[in-house]
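Worksheet for the structure shown next.
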Amino acid sequence: MTTMGLQLTNVSKYYGEGSTRVCALENVSITVEPGEFVAVVGPSGSGKSSFLSIAGALLKASEGEVTLNGLPLSKLSDKELSSIRLQEIGFIMQSSNLVPYLQVLDQLLVVKKMAGKISAEDKAYAVKLLEELGLGAKLKSFPEELSGGEKQRVAIARALMNHPNVILADEPTASLDTKRAHEVVSLIANQVKTRRIAAVMVTHDERMLEYCDKVYHMEDGKLQLTKQVHLAH
Ligand SMILES: Nc1ncnc2c1ncn2[C@@H]1O[C@H](COP(=O)(O)OP(=O)(O)OP(=O)(O)O)[C@@H](O)[C@H]1O
Ligand SMILES: [Mg+2]
């Protein structure tokens, strides 16, 4: 049977060799189903970003397997992996990483351009996403003309542009005030439910956990489930 969503099985990650070897992840196993929003909390250096990078095919596991919609990533070539990153995965990083010289609408279209050509439907979809995220009046703005929350929302829209099956967010609220943080995370939660995305969010912010279905704790590279919310659907 094919497991949809994102699955890590006994994933370990070591950096370096010999006496400088660091074990960043130890036997991590997790399944994130479509429509499920998972939080990962834990101290600095515990392995959270390493976990996200491996889940998102940016970094190879030392041991274990990552499967995306039943596809084992270890079996794929580098070319296939970059295509998966582009087509299947939406990354939202701590800083929004917008391109300074591109207007908001073009921040989304550049993702399509990397994958091929931009069609009229692509453009219409980019506008729709930006409108859904409350940025309809900002399509022609440059990043420096946006607030922190608006930049984060552009980054979320950009992450959704290719209809990803998986969203991986590394402290998406780190630079936001409380009100904006709630806005941004509830938007992600909403997208996860309506578009049936498997999502993982690393956060230090306890207040954001209410939006998540499950909360995992990362400590010394080990991942443990700490809270399971009753799913209404
Ligand atoms: N490229 C690397 N080379 C060597 N060691 C690394 C590398 N990246 C991370 N590490 C080490 O792996 C461990 C886990 O790092 P990671 O970045 O995954 O932690 P984190 O939980 O994301 O921390 P933070 O909350 O500070 O972002 C740390 O001990 C870190 O020093
Ligand atoms: Mg980190």
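The values are calculated or read from the model by the stated rules, or taken from the named source; none is laboratory data. Note that the coordinates shown come from a computational prediction; the quantities given were computed from them, not determined experimentally. Note that we place each Cβ from the backbone using ideal geometry, even for glycine, and neighbour counts take in every protein chain shown. Accessible surface areas use protein heavy atoms only, side chains included; no ligands, DNA or RNA. Shrake-Rupley method; radii C 1.70, N 1.55, O 1.52, S 1.80 Å.
Given 0.36 nm per residue, what is the gain on full extension from S62 to E80 after removing their alpha carbon distance, in nm? Display every interim value, and only then the final one.
Working: separation 18, 0.36 × 18 = 6.48 nm, distance 1.91 nm.
Extra length from S62 to E80 when fully extended: 4.6 nm.
Would you work out the charge dipole size for the stretch 91-233 about its Cα centre, treating the Cβ of every Lys and Arg as +1 and the Cβ of every Asp and Glu as -1, and quote it to the nearest 20 debye?
On the way: 19 positive and 18 negative charges, 109 e Å.
About 520 debye.
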- Which of the lysines could be linked to K48 by a straight reach, that is with a Cα gap under 28 Å, when you skip same-chain ones fewer than 8 residues away? K13, K60, K75, K79, K151, K179, K193, K214, K222, K227
- If each K or R counts +1 and each D or E counts -1, the residues other than M93 whose Cβ falls under 9 Å of its Cβ total -2
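Just add up the charged neighbours of M208: K/R +1, D/E -1, any other residue whose Cβ is under 15 Å from the Cβ of M208.
-2
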- Task: Please determine, in degrees from 0 to 90 and to the nearest 10, the orientation of helix 148-160 with respect to the longest principal axis defined by the Cα atoms of the chain, where the helix direction is its Cα long axis.
- Result: 70 degrees
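Let me have the 222 nm mean residue ellipticity of the chain computed from DSSP H runs of 4+ only, each contributing -39500 (n - 2.57), with the sum over all residues rounded to the nearest 500.
Working: 6 runs with 74 residues, N = 233.
It lands at -10000 deg cm²/dmol.
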- Note on the structure: Here, R207 and L71, labelled 7 Å along Cα→Cβ, have an inter-label distance in nm of 3.9 nm
- Highest GNM mean-square fluctuation among Y125, Y15, Y216, for the chain with Cα springs under 10 Å, belongs to Y15
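Ranked by accessible surface with a 1.4 Å probe, highest first, in what order do K193, K75, K214 come?
K75, K193, K214
GluC sites (Glu not before Pro), restricted to the stretch 1-110: which are DSSP loop and have at most 13 other Cβ atoms within 10 Å? Kindly include the intermediate steps, with their values, before the conclusion.
Details: sites: E17, E26, E36, E63, E65, E80, E88; in loops: E17, E36.
Here the GluC sites (Glu not before Pro) that fit, given the DSSP loop and packing criteria, are E17.
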- Message: With unit charges on the beta carbons (Lys and Arg positive, Asp and Glu negative) and the dipole taken about the Cα centre of the stretch 1-142, which residue among A61, P100, V32 sits farthest to the positive side?
- Response: P100
